[in-house]
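A.B. asks: One structure is given below, represented as structure tokens, and several questions about it will come after.
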Amino acid sequence: MQKYGGVSNYIANLIKRIEQKNFKVIVPCLLYKNRYAKNLKIKSISGFFIPDYPKYCAQIIRILNRIYFLLFVLIKKPKLIHLSYYTTIPKIFIPKDCKIILPIYDCIHEKLPEFWKSDSELKAKKNAIKSANFYICISKNTRNDFIKYYKVNKDLNGYRIPKQ
């Protein structure tokens, strides 16, 4: 998790609103530095806040958080997973009746591929899109771009644009 940013803000506010509706939310993140999560006093994070990751430990913490998340999914068998970014979950970990929601923030990599040195993020995004059951596009433009570049079947997949 990052300290601040648009994705972090979106996820923190989503959790806060879901909790206000008395739904059970669990964010399996062993170690996090996200200020939105800390400042909103989100009750559902099952981990520990650290103000900053120790020098040279960010990659190790990402790996630990990934393992923690996969074990959580394997043991708790959630019915719904709302990913925060373009993460893929190996099929062996996903419960049969579990649905995956993926927010689509933009299609900038698809629109301007010449500006990206590596296509690893785009590959991760494509894999996440393949494994998701439902998409939330953050704007009408993003929705139009998403449909254009991914040619997803509107009848099989859901789309929602948050109210402005």
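A.B. asks: Mind giving me the nanometre distance, one decimal, between the label points for ASN144 and GLU114, set 7 Å out from Cα along Cα→Cβ?
C.D. replies: 2.3
A.B. asks: Moving on to the next point. Could you tell me which of ILE147, SER131, PRO95 has its Cα farthest along the dipole of segment 78-164 towards the positive end, charges placed at Cβ (Lys, Arg +1; Asp, Glu -1), taken about the Cα centre?
C.D. replies: Farthest towards the positive pole: PRO95.
A.B. asks: In addition: Report, to the nearest 10°, how far helix 140-150 tilts away from the longest principal axis of the Cα atoms in the chain, using its own Cα long axis and a range of 0 to 90°.
C.D. replies: So the helix axis and the longest Cα principal axis differ by about 70 degrees.
A.B. asks: Quick one: if you stick a label point 7 Å off each Cα along the C-beta vector at ASP52 and ILE26, how many nm between them?
C.D. replies: 3.3
A.B. asks: Run the reach check for LYS123 against aspartates and glutamates, Cα to Cα strictly under 20 Å, same-chain hits fewer than 8 apart removed. What comes back?
C.D. replies: ASP106, GLU110, GLU114, ASP145
A.B. asks: Can you tell me the order of 113-124, 132-143 when each peptide is scored by its average per-residue count of other Cβ atoms within 10 angstrom, highest first?
C.D. replies: Working: 113-124: 10.2, 132-143: 17.2.
Ranking the peptides 113-124, 132-143 by packing returns 132-143, 113-124.
A.B. asks: Please report, to one decimal in angstroms, the Kirkwood hydrodynamic radius of the chain built from all distinct Cα-Cα pairs. Let's see the in-between values first.
C.D. replies: On the way: mean 1/r = 0.0586 Å⁻¹.
Taking every pair of different Cα atoms in the chain, averaging 1/r and inverting gives 17.1 Å.
A.B. asks: I would also like to ask the following. Report ³J(HN,Hα) in whole Hz for each residue of segment 117-127, in order, from the Karplus equation J = 6.51 cos²θ - 1.76 cosθ + 1.60 where θ = phi - 60°; Gly and Pro get x.
C.D. replies: 5, 10, 9, 5, 5, 5, 4, 4, 5, 4, 5
A.B. asks: Let me ask another. What does the convex hull of the alpha-carbon atoms of segment 78-164 project to on average, in nm²? Intermediate values should be presented prior to the final figure.
C.D. replies: On the way: hull surface 25.2 nm².
With the hull built on Cα positions only, its mean projection is 6.3 nm².
A.B. asks: Could you give the nm distance between label points at GLU19 and ALA124, where each point is 7 Å from its Cα heading toward the beta carbon?
C.D. replies: Placing both labels 7 Å along Cα→Cβ, they lie 2.6 nm apart.
A.B. asks: Rounded, prolate or oblate: which one fits segment 1-76, using the alpha carbon gyration tensor with axes a ≥ b ≥ c (rounded when a/c is under 1.5, else prolate when a/b beats b/c, else oblate)?
C.D. replies: Working: a/c = 2.28, a/b = 1.26, b/c = 1.81.
Since a/c reaches 1.5 but b/c is at least a/b, the shape of segment 1-76 is classed as oblate.
A.B. asks: Pairs of Cα atoms under 8 Å, at least six residues apart: use those to get the relative contact order of segment 1-76, whole percent.
C.D. replies: On the way: 76 pairs, mean separation 23.1, N = 76.
Over segment 1-76, the number comes to 30 percent.
A.B. asks: Something else about it: With charges set only on the Cβ (+1 for Lys and Arg, -1 for Asp and Glu), what does the dipole of the chain come to about its Cα centre, in debye to the nearest 20? It would help to have the intermediate numbers written out before the result.
C.D. replies: Working: 32 positive and 10 negative charges, 99 e Å.
In total the dipole reaches around 480 debye.
A.B. asks: Eight or more residues apart or on different chains, and alpha-carbon atoms under 14 Å: count the Lys pairs in segment 7-83 matching that.
C.D. replies: Step by step, the pairs that qualify in segment 7-83 add up to 11.
A short reminder: the numbers here are calculations on the coordinates, not readings from a lab. Keep in mind that what you see is a predicted model, and the values were worked out from it rather than measured. Quick reminder, even Gly has a Cβ in these numbers, built from the backbone with ideal geometry, and neighbours come from all protein chains shown.
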